[in-house]
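Notes for the one structure printed next.
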Amino acid sequence: MATQPTAIRHHSVIARTGMTLIAEAGDIEVDAELSFHSRDPFAIRVLFSVASAPAVEWVFSRDLLIDGLSVPAGAGDVQIFPCHAGIVFELSSPSGRARLLADPEVLTTFVQDTLGAVPRGAESRYFDLDLEIALLADLQLPGTPQS
């Protein structure tokens, strides 16, 4: 008798919090929505918004956030590290840099919830790499002849 594949139940984790954008002209309160989905278990998405500007989404590694809660983490566009006042996010892009301060309790709870949804080290059970490669192989890029 052939065994049937086990269906994986997917989960989303969302946390909403305020962060403080540290700016020379004065600090600005920013709304942040952190999200995680077990279909993309390596990634965290954060949607930053303020009343006077369009929302901006950043996507980075869940491991980066996990590590950044206790030690400085990141060497690229996203760096996260603890300080006496909370958890600092340093974000860099061609259009500028931002430094935000976040509540460590909110972030710790969010991370714990993501680990409850997908334990660290079990991400490959939730992410179909073969499917992703097949989707990329079928992707029609602009300016390339259709097959």
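The values are calculated or read from the model by the stated rules, or taken from the named source; none is laboratory data. Note that the structure is a prediction, hence the values are computed from the model and not measured. Every residue, glycine as well, gets a Cβ built from its backbone with ideal geometry; the counts of neighbours run over all protein chains shown.
From the residues in segment 98-114 that are outside any strand (DSSP E or B) and not polar (S, T, N, Q), which one is surrounded by the fewest Cβ atoms within 10 Å (Cβ to Cβ)? Checked segment 98-114; the qualifying residue surrounded by the fewest Cβ atoms within 10 Å (Cβ to Cβ) is Glu105. The strands (runs of 3 or more DSSP E) located wholly in segment 24-97 that include 3 or more residues which are buried (at least 18 other Cβ atoms within 10 Å of the Cβ) occupy 28-37, 43-50, 78-83, 86-93. Do the conditions hold for Arg16, that is, is it part of a strand (DSSP E or B), surrounded by 15 or more Cβ atoms within 10 Å (Cβ to Cβ) and out of contact with any Gly (no Cβ under 9 Å at 6 or more places or on another chain)? Considered against the rule, which asks whether it is part of a strand (DSSP E or B), surrounded by 15 or more Cβ atoms within 10 Å (Cβ to Cβ) and out of contact with any Gly (no Cβ under 9 Å at 6 or more places or on another chain), Arg16 comes out as no. Taking every residue in segment 26-49 that is without any contact (Cβ under 8 Å) to a residue 24 or more places away in the chain and among the charged types (D, E, K, R) and pairing it with any residue that is exposed (fewer than 15 other Cβ atoms within 10 Å of the Cβ) and not in a strand (DSSP E or B), at least 6 positions away or on another chain, the pairs with Cβ-Cβ distances below 9 Å are Asp31/Ala51.
Looking across segment 50-88 at every residue that is β-branched (Val, Ile, Thr), without any contact (Cβ under 8 Å) to a residue 40 or more places away in the chain and in contact with a helix residue (DSSP H, G or I) (Cβ under 8 Å, 6 or more places away or on another chain), the one that is nearest to Ile22 (Cα to Cα) is identified as Ile87. Has segment 125-146 got any residue that is modelled with pLDDT of 95 or more and of a type in the set (D, E, K, R)? No, segment 125-146 contains no residue that is modelled with pLDDT of 95 or more and of a type in the set (D, E, K, R).
For segment 66-86, a residue qualifies if it is of a type in the set (A, V, I, L, M) and within 13 Å of Leu100 (Cβ to Cβ), and the qualifying residues are Val78, Ile80, Ala85.
Selection of segment 20-58 for residues being of a type in the set (D, E, K, R) and within 13 Å of Ala98 (Cβ to Cβ) yields Glu24, Asp27.
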